[in-house]
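Shown next, in structure tokens, is the structure this report addresses.
The values are calculated or read from the model by the stated rules, or taken from the named source; none is laboratory data. Keep in mind that what you see is a predicted model, and the values were worked out from it rather than measured. Because the Cβ atoms are built from the backbone with ideal geometry, glycine has one as well, and the counts that use them run over all protein chains shown. All accessible areas refer to the heavy atoms of the entire protein, side chains included, with ligands and DNA or RNA removed. Shrake-Rupley method; radii C 1.70, N 1.55, O 1.52, S 1.80 Å.
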Amino acid sequence: MSYYDTILRYDWETTRRAIYAKNDADVERALAAERPTMDDFAALVSPAADKYLGEMASKSYATTRRRFGNVMQLYVPLYLANICQNHCVYCGFNCTNKIHRAILTPEEIHAEAQAIKRDPFQHILLVTGEAPRSSSVQYLADSMKIMQRYFEQISIEVQPLDTDEYRLLKDYGLHAVYVYQETYNRDRYPVYHLRGKKTNYRYRLETPDRLCEAGVHKMGLGNLIGLEDWRTEAYFTALHLRYLENRYWRTKYSVAFPRLRPYVGEDGFNPEHPASERNLFQLICAYRLLSEDVELSISTRESADFRDRVMPFGVTVISAGSKTTPGGYAHPNRELEQWSINDNRTPREVEAAVRAKGLDPVWKDWSFFMQEEVETPALLTHSA
């Protein structure tokens, strides 16, 4: 049994219609629930919930402060390679995009780590394209061995691996794995994934099961916002989260909210189902009300203004000073990037923004770090 067996029991269109049919009474019932059900979550991401966004924000803020204190974790991604064997129509790394390809040597990895360590990061996220031959498990292990000299915690966002491969990387300090399904819509999945191992919907969907069975400390879920209806995607992502929390209760979980961004190279990808900043804020609050324990992460895909405004209302993890190119910290080069950065502030500027919200920036994944509560700031009022 895996989440694949669970999702087979659901029909995408039936689920979408049920979400859009929710009314005020459904939302009010969800807001009053001590432990929201998946039906409650459907109400919280429905169009009917928009008018309750202030109440959702207030409850989300209180829940986050009670569970996480004032902590905001900072991390930085390090792109090791942009070589990829997949043709995903929405990604700048896709194998048909005519960009220069690179994979960092050990010397270049050292240079990147040293450039990043100008700031006190202790949590590094290693990222590659999905190319099992070049960005092999051994290459990842060797890279992680180098990273151990500089960082206390090492996470990866690479191609899905087998259970024994995750166990091997644990010996090299693997702390967390982030893998996004992109879209949970089985029928539409092939439209976006035209070539490569990523075309295998089931193998990718069962990756969280494999890494949890391997005993990885934490895993990150998410869908790529803009591919399909964002409310329905959120429902199936949340259903996945609940399945994992119930089955692999020793593992910690994180949910990210990657919205599609432009990239260098081909004409790019024009999303058919865009979500506004207000929509994204609704998602953040809905996930927080569904799960007190899940970490919620906002990357530099989002603007500085938006990240600052939503920061207190459920978010517990943010990236800072990100580069999405191999070698981008020591030798910036936009030609190699996976997607364009939206928040270009330095890590120290992000740290200052966190403190301005009355929150405490932490440079590593320190889950039990708790501080005194601060006065609740004004609710988010701006909408996109």
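On alpha-carbon atoms, Rg over Rh for segment 72-115 using Kirkwood Rh?
Here Rg/Rh amounts to 1.08.
Going highest first, how would you order 283-291, 174-182 by mean Cβ packing within 10 Å?
So the order, starting with the most tightly packed, is 283-291, 174-182.
At a threshold of 8 angstrom on Cα-Cα distance, excluding pairs fewer than six apart, so keeping six or more, what relative contact order does segment 99-183 reach in percent?
Value for segment 99-183: 31 percent.
Given a 1.4 Å probe, how much area per residue of segment 76-116 is accessible, in Å²?
For segment 76-116, the per-residue accessible area is 35 Å².
With N residues in segment 87-235, what two-decimal value do you get for its Cα radius of gyration over 2.2 N^0.38 Å?
That ratio works out to 1.09.
Which pairs, out of LYS98/LYS218; LYS145/LYS198; LYS59/LYS197; LYS170/LYS198; LYS117/LYS218; LYS59/LYS323, put more than 31 Å between their alpha-carbon atoms?
Violating the 31 Å Cα-Cα cut-off are LYS98/LYS218; LYS59/LYS197; LYS59/LYS323.
Among the DSSP beta bridges whose two residues both lie in the chain, what percent are antiparallel, rounded to the nearest 5?
Antiparallel: roughly 10 percent of the beta bridges in the chain.
Given a cut-off of under 8 Å on Cα pairs at least six residues apart, what relative contact order in percent is computed for the chain?
Taking the mean separation of contacting Cα pairs over the length of the chain, I get 26 percent.
Taking the Cα centre of segment 114-234 as the origin and placing charges on Cβ (Lys, Arg +1; Asp, Glu -1), which of ILE146, CYS212, THR183 is farthest toward the positive end of the dipole?
ILE146
Rounded to the nearest 500 deg cm²/dmol, what is the calculated helix-only ellipticity per residue at 222 nm for the chain, with -39500 (n - 2.57) per DSSP H run of length n ≥ 4?
-10500 deg cm²/dmol
Taking the Cα centre of segment 92-210 as origin, sum charge times position over the Cβ atoms of Lys and Arg (+1) and Asp and Glu (-1), and report the length of that vector in debye to the nearest 20.
400 debye
Averaging the inverse of every distinct alpha carbon separation and then flipping it gives the Kirkwood radius. What is it for segment 207-300, in angstrom units?
In segment 207-300 this quantity evaluates to 14.3 Å.
So what is Rg over Rh here for segment 1-149, counting just Cα atoms and using Kirkwood for Rh?
1.12
What base-10 log of the normalised intensity I(q)/I(0) is obtained for the chain from the Debye formula, alpha carbons as equal point scatterers, at q = 0.07, 0.12, 0.14 Å⁻¹?
Relative scattering, expressed as log10 I(q)/I(0), comes to -0.29, -0.91, -1.29.
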